[in-house]
Amino acid sequence: EFVNPKYADEEKTVFKKPTRLECMMQDFPCALSGDASRQVGFTSIAADLCFSPVKNATADGVKMQAKGTAPGVAATGEADQYAAIRKIMTSFGCNVKDARETTFSGVKVVPGPAIVIKPNCAVCPAEYKRRFPNPSKINISARSCLVIDGDVTIKSLNLDGALKIKCEEGAIGEIPQLTVKNYGWVRVPDESSSLEYITIRGYKMMKMETRTIVFKKDGTVEGYDPEDEENQECTCVIT
């Protein structure tokens, strides 16, 4: 066991908050013996795919980032989640363009594109490949936002804006071909909001325009007609 105190001053004479005893999880096997010790293992994954804590105040995060340390604040935790999804998708051939670095409340982040794939759609990379079987036909611009909720397969997508796809429980959705270009969602700096979830990020999301598609369990679909989409020009400029 050890302690990892946080100090309020440079001289390290005043605690920022009460410290506590901690144990390293990697020390756990050392406490085992016999058959139990031989049954313990671990999986190592790159931190950018699995670890981005949200545990620090914004002001502290700014100082940490200036020193080259991960800030561990709300804005970076959210941005890193989107980045992990983008990394998975580009790893097997999807065309996803990173946004330019932006600063909110002094914290630098790459804000998008913001892609949310709910667990009922895909969790591991192998499942992502099944959801996007033609990755070379998946094009997502840097300013886009994509939310997929449910059993959805997308064969061709050109997205430049905001798109939400949802399957009702028990429904199965397939997108043979889809082009979406709209005003999308825009992050607006906001450090004075009365809402804590906004101030800790340093911005609010303005949902200007969203394309919404819903696959219903009775077999009907709202917001999407494959035949109409086939008659559209399926090109998307990645910016």
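The values are calculated or read from the model by the stated rules, or taken from the named source; none is laboratory data. Because the structure is predicted, anything quoted here is derived from the model rather than measured. When we count neighbours, we look across all protein chains shown, and the Cβ atoms used for this are built from the backbone with ideal geometry, even at glycine. In case anyone asks, the SASA skips ligands and DNA or RNA and just uses the protein heavy atoms, side chains included. Shrake-Rupley method; radii C 1.70, N 1.55, O 1.52, S 1.80 Å.
Quick look at the values:
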| read-out | value |
| --- | --- |
| Any pair with Cβ under 8 angstrom, 6 or more apart, that starts in the stretch 99-124 at a residue that is in contact (Cβ under 8 Å) with a residue 24 or more places away in the chain and of a type in the set (Ser, Thr, Tyr) and ends at one that is assigned to a strand (DSSP E or B) and surrounded by fewer than 20 Cβ atoms within 10 Å (Cβ to Cβ) | 102/108; 105/189 |
| Filter result for residue 52 (in contact (Cβ under 8 Å) with a residue 60 or more places away in the chain and open to solvent by less than 60 Å² (accessible area, probe 1.4 Å)) | no |
| Yes/no for residue 171 being within 14 Å of the chain's Cα centre (by Cα) and surrounded by 15 or more Cβ atoms within 10 Å (Cβ to Cβ) | no |
| Residue satisfying all of: in the stretch 147-168; without any contact (Cβ under 8 Å) to a residue 40 or more places away in the chain and open to solvent by less than 10 Å² (accessible area, probe 1.4 Å); nearest to residue 185 (Cα to Cα) among these | 148 |
| Check on residue 82, assigned to a helix (DSSP H, G or I) and either in contact with a Phe, Trp or Tyr (Cβ under 9 Å, 6 or more places away or on another chain) or open to solvent by less than 20 Å² (accessible area, probe 1.4 Å) (or both) | no |
